[in-house]
Amino acid sequence: MKSWKKPGMLAVAVLAAIMSLAGCRSAGTKQDTQQSSLPSQKKLVVLAAASLTDAFNEIGRVFEQAHPGVTVKFNFGGSQQLRTQIEQGIVADIFASADPKYMQELVDKGLVEQPRNFAANSLTIIVPKNNPAGITSAADLASKGKIALAAPEVPIGNYSRQVLQKLAGLYGLDYPQKVEGRVVSQETTVRQVVAKVALGEADAGIVYITDISSSYRDKLATIPFPPEANVRATYPIAVVKGTTQGGLARELVDYILSPEGQKILAKYGFLTAE
């Protein structure tokens, strides 16, 4: 009953509690305002052919710097693998392929927007710097050393076999079969072919000319194909349908096709798309 003798103290306590709650709400409101003033965080997921690794990583950094709050995440691999991932519903915003074939398959299924060609490439032979097999020309691939190629379904593997078929006109109709007979591994990406040769697990391989700019370049030497036998690889790019970042994805595609983006690609050895 003593508490009823001092009603003034109860009123003071209630008032203090109300002011405390009001202060907390005020502080929370201020914090919410500060958080809302921060740039919204957005992420672009780009599925890209393995041969684009170095060039696209630089392009991604430049794009992020020009777009605060935006992160560009790359998933590099064989174009055939990336196409399958899109067919299976992987969350992605952009697809950049090393072969128009896989892009067209996605177009036909209505899974990507209209593609645009943004770069091209050509092929070369690589050997270890010390060249233990003594390979000095494309002709030697039929009789010397262990050869690493990408599997036929991989774009570089398909292009490699096109070159071998063309070289049959120079070195004999059985030339492609002789080279295939010396193949010790069939890789799922071009970067794996580069690694096999750089590590000495193969005496030669066929890759894109742009792959010499990889981290293994100091361990490799190149041997050119006869110009009449080389092939031109075309790279298309498209926005994946269903993306929630359509506007931003198209902006990145536009940047890759811009003079600035093309300059970065040329820095890594890519050719201009026709």
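Derivation of every value follows stated rules applied to the coordinates shown; laboratory data play no part. Remember, predicted model here, so these are calculated numbers, not experimental data. Positions of Cβ are generated from backbone atoms using ideal geometry, with glycine treated the same way; all protein chains shown enter the neighbour counts.
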Can you pull the one-decimal nm distance between simple spin-label points at Arg61 and Gln162, each 7 Å off the Cα toward Cβ? 3.2
Please state the charge dipole magnitude for the chain, taken about the Cα centre, from unit charges on C-beta atoms (+1 on K and R, -1 on D and E), reported in debye and rounded to the nearest 20. 1400
Running a GNM on the chain with Cα contacts under 10 Å, which residue among Leu123, Leu199, Leu141 ends up with the highest mean-square fluctuation? Leu199
Glu153 and Glu251 label points (each 7 Å along its Cα→Cβ direction) are spaced in nm at 3.7
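In segment 123-229, what percentage of the DSSP-assigned beta bridges are antiparallel, given to the nearest 5? If you can, show how the numbers build up before the last one.
Details: 8 of 14 bridges.
Within segment 123-229, antiparallel bridges account for around 55 percent of the total.
Which pairs, out of Lys43/Lys109; Lys42/Lys267; Lys101/Lys144; Lys73/Lys144; Lys43/Lys129; Lys109/Lys166, put more than 30 Å between their alpha-carbon atoms?
Values: Lys43/Lys109 25 Å; Lys42/Lys267 28 Å; Lys101/Lys144 33 Å; Lys73/Lys144 41 Å; Lys43/Lys129 40 Å; Lys109/Lys166 33 Å.
Pairs exceeding the cut-off: Lys101/Lys144; Lys73/Lys144; Lys43/Lys129; Lys109/Lys166.
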Under a GNM of the chain (C-alpha, springs under 10 Å), which listed residue has the highest mean-square fluctuation: Pro100, Pro236, Pro132? Pro132
Radius of gyration, Dmax [segment 123-229; alpha carbons; angstrom]: 12.2, 36
Protection-proxy order for peptides 58-66, 146-154, each taking the mean of Cβ atoms within 10 Å per residue, highest first: 146-154, 58-66
Summing +1 for each Lys or Arg and -1 for each Asp or Glu, what net charge is found among the other residues whose Cβ lies under 9 Å from the Cβ of Thr234? -1
By a straight-distance test (C-alpha under 18 Å), which aspartates and glutamates pair with Lys178 as possible cross-link partners, with residues fewer than eight away in the same chain excluded? Asp140, Asp203
Karplus (6.51, -1.76, 1.60) ³J(HN,Hα), θ = phi - 60°, over segment 208-223, in Hz, Gly and Pro reported as x: 6, 4, 5, 6, 6, 8, 6, 5, 9, 4, 6, 9, 10, 10, 10, 10
Would you mind checking the tilt of helix 246-257 against the longest principal axis of the Cα atoms of the chain, expressed as 0 to 90 degrees and rounded to 10? 40
Over the Cα atoms of the chain, how large are the radius of gyration and the largest Cα-Cα distance (Dmax), in Å? 28.5, 115
Quick one: check the C-alpha center-to-center distance for segment 225-274 versus segment 147-220, whole angstrom. 23
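Let me have the 222 nm mean residue ellipticity of the chain computed from DSSP H runs of 4+ only, each contributing -39500 (n - 2.57), with the sum over all residues rounded to the nearest 500. Intermediate values should be presented prior to the final figure.
Values: 9 runs with 115 residues, N = 274.
Per the formula, -13000 deg cm²/dmol.
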With +1 assigned to the C-beta of every Lys and Arg and -1 to the C-beta of every Asp and Glu, and no other charges, what is the dipole magnitude of segment 123-229 about the Cα centre in debye, to the nearest 20? 160
Mind checking which of Gly247, Val231, Thr189 is farthest towards the positive end of the chain's charge dipole, using Cβ charges of +1 (Lys, Arg) and -1 (Asp, Glu) about the Cα centre? Gly247
Which residue fluctuates the most in the chain, going by a Gaussian network model with Cα springs under 10 Å, if the choices are Lys241, Lys196, Lys42? Lys42
